[in-house]
Each structure stands twice: as structure tokens, then as C-alpha cells.
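Worksheet for the structure shown next.
The values are calculated or read from the model by the stated rules, or taken from the named source; none is laboratory data. This structure is a prediction, so every number in the text was calculated from the model and none was measured. Note that each Cβ is placed from the backbone with ideal geometry, even for glycine, and that neighbours are counted across all protein chains shown. Remember, those area values only see protein heavy atoms, side chains included, never the ligands or the DNA or RNA. Shrake-Rupley method; radii C 1.70, N 1.55, O 1.52, S 1.80 Å.
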Amino acid sequence: MKKKVVINASPDLKQAAKRNKREPIIFIRDNLVVPSKLSLIAKDKKYFIRTYGCQANVLDGQTIEGILREVGYEYTDNPMEADLVILNTCAIRENAEDKVFGEIGSLKALKTKNPNAIIGVCGCMTQQPHIVEKIQKTYPQVDLIFGTHNIHHLPQLILESMEKNVRIVEVYSKEGEVIENMPCHRSDKIKAFVNIMYGCDKFCTYCIVPYTRGKQRSRIKEDILKECKALVEEGYQEITLLGQNVNAYGKDLDDGSSFGELLVEVAKLGIPRLRFTTSHPWDFTEEMFKAMGTYPNIMPFIHLPLQSGSDDVLRRMGRRYTSKEYCALVDKLREIIPNVSISTDIIVGFPNETDQDFEDTLNVVRYVKYDSAFTFIYSPRVGTPGAKMEDKTPHEVKQARFKELVKTLAIYEREKAEAYVGKIIPVLVEGTSKKDKNILSGYSDTNKLVNFKGDYTHVGKIVNVKITEATTYYLKGEEVNE
Ligand code: SAH
Ligand code: SF4
Ligand code: F3S
């Protein structure tokens with residue numbers, strides 16, 4: 001039987017695109033409200049969650065898990081055994097969305113097995129009206145559709161859907177709230193992500209994120225420091241400060257906070273390793289450079305998305321820097337942190353990218369010689385300015401450029417990896433190989449994956465490793481006592 005639909009709120013891209021600077025950010029500090037009725041129902045029930053997106057989505061997933069555990073659900077890694085399935089989705093490219101539709105399709109079997117199971121879809125995909133419409137029309141097995149701004153309301157949504165036996169849609173397209181005091185379940189006890197801000201105001205013309213995540217909202221410095229301090233006390237070895245554009249932290253607060261200052265204060269808490277992501281090349285400050293050059297626990301690694309090396313494409317992408325400015329920034333980072341490792345994101349095939357534009361990208365790659373890179377073929381996103389641009393470049397040309405780019409990047413990735421052979425580097429040990437517990441695995445300060453022979457009691461510690469070999473995907477080595 002078809003379920004009745006209750007729409008509490010539907011996504012609205014126009015509303016989502018609004019940036020009213022005078023509208024103050026609302027900080028909500030209420031504790032989670034769990035209806036006691038739901039706690040009774042959730043007893044002995046199991047949840048399954050799959051997260052598809054970036055670190056921001058991973059943190060949302062950890063909040064959702066924290067909430068579900070507080071309600072009383074237990075985790076299962078088998079969706080077919082679950083009473084509640086949550087798909088925490090990503091909208092960044094079409095292939096990310098296709099995967100989710102595949103998974104929703106296969107969950108039909110769960111409903112046949114257990115008609116009372118609840119299937120929920122959330123994350124960036126559900127912030128888009130055409131996606132919510134498609135789920136509504138095509139996938140009757142979905143019981144709950146909620147957005148990135150509705151996570152704290154999850155217990156009420158689950159209960160409403162169960163009690164009324166209805167399908168619920170609740171997706172706000174808000175100007176901006178910051179919700180503090182939500183539970184967070186971190187299964188990793190060595191490395192933690194900490195949000196320092198939400199949303200994005202940059203509106204790069206290809207990107208859906210400013211629409212799906214709302215306006216830039218920085219958390220208050222004291223809240224961030226409190227969370228980081230607790231993680232240090234719990235014994236965490238690494239914190240990554242997260243935001244779509246961390247350099248702009250504090251610009252939306254009127255208390256003088258800045259990312260440079262925050263970095264220093266978190267570094268001083270004594271976390272062995274401090275990382276941050278993502279830095280937009282536009283918002284660097286002297287304060288940040290100084291912090292990175294001063295505190296040895298700020299890791300010598302930076303993810304610096306280039307997107308394109310062509311000034312015309314960069315202008316049409318709305319990135320607000322030129323390739324020359326970008327390369328000067330790289331020079332400066334290398335001057336301040338001599339062993340800095342640099343990774344990047346590059347998009348090929350932005351509308352009407354010419355051969356010369358693409359050659360300009362290759363030239364920046366040849367100049368910077370990245371340690372690693374994420375490469376993407378441009379994917380038009382409904383509602384963004386890029387999607388309205390006429391595009392005459394055939395798909396085959398884009399594919400050929402993509403191949404060429406990957407090949408060029410690989411030359412330098414290999415070169416950089418081989419330069420480690422014979423060196424002794426610090427590695428944070430994350431775990432052991434399934435087959436051999438004396439083969440350990442972890443990341444160097446420069447963010448290189450290292451597999452090495454060592455003492456399995458050192459998991460969770462930072463050890464010195466002598467690199468003996470560089471393979472395409474990781475470095476090989478042996479633990480040393482130096
Ligand atoms: N805030 C981060 C980016 C988050 S999205 C930043 O500004 O760097 C991660 C990456 O996805 C982007 O850097 C970009 O390279 C890629 N990306 C975003 N939108 C895309 C699109 N429509 N098509 C292809 N790649 C895209
Ligand atoms: Fe997207 Fe640009 Fe914001 Fe990054 S800075 S999230 S690429 S709009
Ligand atoms: Fe994807 Fe949303 Fe992150 S679109 S990349 S999950 S902010």
C-alpha cells in the first residue's frame with residue numbers, strides 16, 4: 001500500500017542561494033531531545049549507515065550515529081539486518097548521485113524482508129528539489145528524506161514516520177544556524193575531524209556545495225577549543241580542522257577571530273598532529289603562514305585545490321586567483337615549510353575549456369610537481385551558473401585530457417615518492433595488516449601512506465620508519481629506534 005506523504009519542508013535552491021549578511025547566525029545549544037517512546041521502540045533495534053561524501057559528510061554521519069546510539073539503536077554492518085538504514089549522500093558530481101540511486105534500488109529487498117524497516121536518505125543530494133522529486137516518484141521504499149540542516153531533529157522524524165506510518169520530507173534551506181551540543185560517535189580513536197565552520201559563500205560556478213550546505217557559519221572559538229581539548233585528553237593523536245574554506249574562518253563572526261589565531265590556539269593544546277582542510281588559495285594570511293612555520297605539530301602538508309591552470313577558466317569558475325598567484329603561493333609555502341607536501345584538486349572539461357587552457361593546467365602541474373592529486377571530469381550541477389554555460393567540448397576530448405592529466409601527475413607523484421627512499425620519517429600507526437600483525441600501516445607527517453614492518457603494540461603511536469621502497473600507492477619501510 002502506498003504511504004501517505006507528510007511534507008514538513010521541501011528544499012528550495014533560490015532560498016538556499018540567499019546570503020543575507022545582516023541576518024545573524026543563530027547558535028542553538030539545546031541538548032538532544034529523545035522522545036521516551038522512541039527509546040522504548042529502539043531497544044534491541046539496529047541501524048546501518050552509509051556515508052558517500054567529503055569529510056563534512058563523514059562528520060554528519062558521526063553526529064547521526066551519535067544521535068541513534070543515544071536513542072538506543074545498535075550498529076550493524078549489514079543493511080539487510082537493520083531496522084533503520086540511513087544513506088548520507090553527496091551531490092558533488094553525477095557519479096556520486098548514481099551510486100546512491102543504485103543503493104536505494106537494492107534496499108527494496110530489505111523492505112520485502114522487513115516491511116517495518118525505515119529507510120532514510122539525507123545529505124547533500126536531498127537539498128536539491130529535483131532529487132527529492134525523483135525519490136518521491138520512483139522509490140516508494142524510502143520513508144524519510146531529510147536535509148543537512150535537519151539532522152538534530154532525527155529522533156522526532158523517525159518517531160513521526162513510525163507512528164503515523166507516513167513518509168516524511170523535511171529539508172530546510174536555511175540562511176544559517178550552528179547547532180552545538182549534538183552527540184558525535186567517533187569509531188576511530190586515533191584521528192578525529194573537528195568542524196570549525198559550516199557552509200560556503202564562495203559560489204564557484206561549478207559547485208553545488210554553497211546551495212546544499214548554506215551560508216558560511218563559523219563556530220565560536222571557545223566551542224572548538226573545548227572539543228579539541230577533550231580529544232587531546234582522550235588521547236587522540238591527530239585532529240583535522242574542517243571547513244569548505246578554513247582560511248576564511250571567523251570572517252562571519254564579529255569577534256575578531258581568524259584562522260591563523262585558531263590554528264595557534266589549537267596547536268598549543270598539545271595535540272601531537274594538527275591538520276586542516278580545505279584551504280582556498282584566495283584567503284591566505286601572514287598569520288597562517290607564521291603559525292605553520294612556528295608550530296612543529298602543524299603537519300607539513302597542505303591541500304591546495306588548483307581546479308584549473310588557465311586564467312580564463314579560473315575567472316569563469318569564479319575562483320578569484322590567477323595561475324601566477326597560485327604558483328607564488330606554492331613558492332611561499334615551500335619557503336616557510338621546506339618539506340611541505342602539496343596535494344590538489346583539478347577539474348578537466350569545464351565548459352569550453354580549450355586545448356590551450358588545458359595545456360596551461362599541465363604547465364602548473366609541471367611547475368608545482370604535486371605529491372598527490374584528485375582529478376575530476378566536470379559534471380554540470382542543476383542550479384549552478386556552470387550548468388547554464390554552453391559547452392561545445394566533446395566528451396571524448398575531455399576524457400583524453402583527463403588521461404593526459406593523470407599521466408602527467410603520476411610522473412611527479414612517483415618522483416616525490418621515490419625521494420623518500422632511504423629517509424627516516426615519522427609515521428602515526430593506525431593499524432595492522434589483516435594477514436600479518438607485524439605489518440603496520442599509517443601516515444607520515446606529510447600525509448603519505450606507509451606500510452612497514454614494526455611492533456604491533458605501537459598502534460596509536462608515532463614511530464620512526466626507514467623507507468625502503470616506493471610503490472605507486474604507498475611507501476614501504478621498517479620501524480627503527482632512532
Ligand atoms: N571546498 C573545497 C571543495 C569541496 S568539493 C574547495 O574549495 O576546494 C571537492 C572537489 O570536487 C573540488 O575541489 C572540485 O575539484 C570538485 N568538484 C566540485 N564540483 C564539481 C563539479 N561540478 N564537477 C567536477 N568536480 C567538481
Ligand atoms: Fe565549492 Fe568553491 Fe565553496 Fe569549495 S570554495 S565548496 S569549490 S563553492
Ligand atoms: Fe559532497 Fe556535500 Fe561534501 S556535495 S563533497 S557531501 S559538502
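Could you give the size of the charge dipole of the chain about its Cα centre, using +1 on the Cβ of each K and R and -1 on the Cβ of each D and E, expressed in debye and rounded to the nearest 20? Numbers along the way, then the final one.
Values: 68 positive and 66 negative charges, 213 e Å.
So the magnitude is around 1020 debye.
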**Item:** When the stretch 368-430 is reduced to its Cα atoms, the Kirkwood hydrodynamic radius in Å
**Value:** 15.0
**Message:** Can you tell me which aspartates and glutamates have their Cα less than 20 Å from the Cα of Lys108? Leave out same-chain residues fewer than eight positions away.
**Reply:** Asp77, Glu81, Asp83, Glu97, Asp98, Glu133, Asp143
**Prompt:** Taking all protein chains as present, what is the carbon and sulfur share of the accessible area of the chain, in % to the nearest whole number, probe 1.4 Å?
**Reply:** 52
**Request:** Determine the percent antiparallel among the DSSP beta bridges restricted to the chain, to the nearest 5.
**Result:** 30
**Request:** Could you state, as a whole-number percent, how many of the C-alpha pairs of the stretch 405-470 are farther apart than 18 Å?
**Result:** 39
**Prompt:** Which order do Lys466, Lys398 take by accessible area at a 1.4 Å probe, largest first?
**Reply:** Lys466, Lys398
**Request:** Could you pull out the pairs from Lys46/Lys137; Lys174/Lys202; Lys324/Lys392; Lys290/Lys423 whose alpha carbons sit more than 20 Å apart here?
**Result:** Lys46/Lys137; Lys324/Lys392; Lys290/Lys423
**Complete:** Sorted largest first, the Cα spans of the chain on the principal axes come out in Å as 64, 57, 48
**Asked** Just checking the chain: which Cys have no other cysteine's beta-carbon under 4.7 Å?
**Response** Cys54, Cys90, Cys122, Cys124, Cys184, Cys200, Cys228, Cys327
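Let me confirm the definition first: pairs of Lys residues in the stretch 208-287, 8 or more apart or on different chains, C-alpha distance under 23 Å. How many are there?
On the way: Lys215/Lys251; Lys221/Lys229; Lys221/Lys251; Lys221/Lys268; Lys226/Lys251; Lys226/Lys268; Lys229/Lys268; Lys251/Lys268.
So the count works out to 8.
Counting other Cβ atoms within 10 Å, keep those with at most 10, restrict to DSSP loop, and tell me which GluC sites (Glu not before Pro) in the stretch 332-423 are left. Please list the in-between numbers first.
On the way: sites: Glu335, Glu353, Glu359, Glu390, Glu396, Glu404, Glu413, Glu415, Glu418; in loops: Glu353, Glu390.
In loop regions of the stretch 332-423 (DSSP not H, G, I, E or B), the sparsely surrounded GluC sites (Glu not before Pro) are Glu390.
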**Request:** For the stretch 34-97, state what percent of all Cα-Cα pairs lands in each successive 5 Å bin, counting from 0 Å until the bin that includes the largest distance.
**Result:** 4, 19, 23, 22, 16, 10, 5, 2, 0
**Prompt:** Using only Cα atoms, what is the ratio of the radius of gyration of the stretch 33-151 to 2.2 N^0.38 Å?
**Reply:** 1.01
**Item:** Cα Rg, Dmax, the stretch 103-221, angstrom units
**Value:** 16.3, 48
**Complete:** Reported to the nearest 10 Å², Thr112 has, with a 1.4 Å probe, an accessible area equal to 120
**Residue-level accessible surface for Lys268, protein heavy atoms, 1.4 Å, Å²** = 140
**Asked** Given Cα pairs under 8 Å that are at least 6 residues apart, what percent is the relative contact order of the stretch 121-168?
**Response** 39
**Fill in**
Probe 1.4 Å, heavy atoms of protein chains only: per residue, the accessible area of the chain in Å² is 45
**Prompt:** What GluC sites (Glu not before Pro) does the stretch 222-260 have in DSSP loop regions with at most 10 other beta carbons within 10 Å?
**Reply:** Glu234
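Relative contact order of the chain: what whole-number percent is it, with Cα pairs under 8 angstrom and at least 6 residues apart? It would help to have the intermediate numbers written out before the result.
Values: 967 pairs, mean separation 54.4, N = 482.
Normalised by residue count, the contact order of the chain is 11 percent.
Considering the convex hull of the alpha carbon atoms of the stretch 184-325, report its projected area averaged over all viewing directions, in nm², one decimal.
Values: hull surface 36.0 nm².
Its Cα hull, projected and averaged over all orientations, spans 9.0 nm².
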